[in-house]
Amino acid sequence: MTGRGRKYEVLLTSGAEQDLESIYDHIAEFDCKANADDILDRLLEVVESLAALPERGAYPKELVALGMRDYRQTTFKPYRVIYRVMGQRVYIHVIADGRRDMQSLLARRLLGG
């Protein structure tokens, strides 16, 4: 398999960092800090796992509908991690609750609309 053993550098955009902070704050406020810590740890594990095989992610259906296959996604239900592989780097652009209006979020964040 091509790329086997290849290690990618995983980078969070400022938008993705803000997403993590918002998710953490929301869970800490409406549930508890321990659960917020747990969810944050698990989301970061998902993000870091992309260093090994970023091509495994599916194309987000909202972007495929627009003819875009530049971005991929992986999930930790209900959260979706939207990223782009460029060379040896994986750029995380969005980390969001998949129950949100993802079409609007992706258009605003990725397409500048």
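Along the charge dipole of the chain, Cβ charges K/R +1 and D/E -1, which of Leu105, Gln73, Gly15 sits furthest on the positive end?
Checked the options; the winner is Gln73.
Using C-alpha positions alone, give me the convex hull volume of the range 1-71 per residue in cubic angstrom. Mind dumping the intermediate values first?
Numbers: hull volume 8.4 nm³, N = 71.
Cα convex hull per residue, to the nearest whole number: 118 Å³.
In percent, how large is the relative contact order of the chain, given Cα pairs closer than 8 Å and 6 or more residues apart? Could you put the intermediate results ahead of the total?
Working: 146 pairs, mean separation 32.8, N = 113.
Value for the chain: 29 percent.
Amide H of Tyr79 versus every other amide H placed in the peptide plane: which residues, excluding those fewer than 5 positions away on the same chain, fall under 5 Å?
Sorted by chain and number, the residues that satisfy this are Gly98.
Quick one: accessible area per residue over the chain, 1.4 Å probe, rounded to a whole number of Å²?
Values: 6790 Å² over 113 residues.
So the chain comes to 60 Å² accessible per residue, rounded to a whole number.
The values are calculated or read from the model by the stated rules, or taken from the named source; none is laboratory data. Treat the numbers as computed from the prediction; the structure is a model and nothing was measured. As a convention, Cβ positions derive from the backbone with ideal geometry for all residues, glycine included, and neighbour counts pool all protein chains shown. We work out accessible area using only protein heavy atoms, side chains counted, and drop any ligands, DNA or RNA first. Shrake-Rupley method; radii C 1.70, N 1.55, O 1.52, S 1.80 Å.
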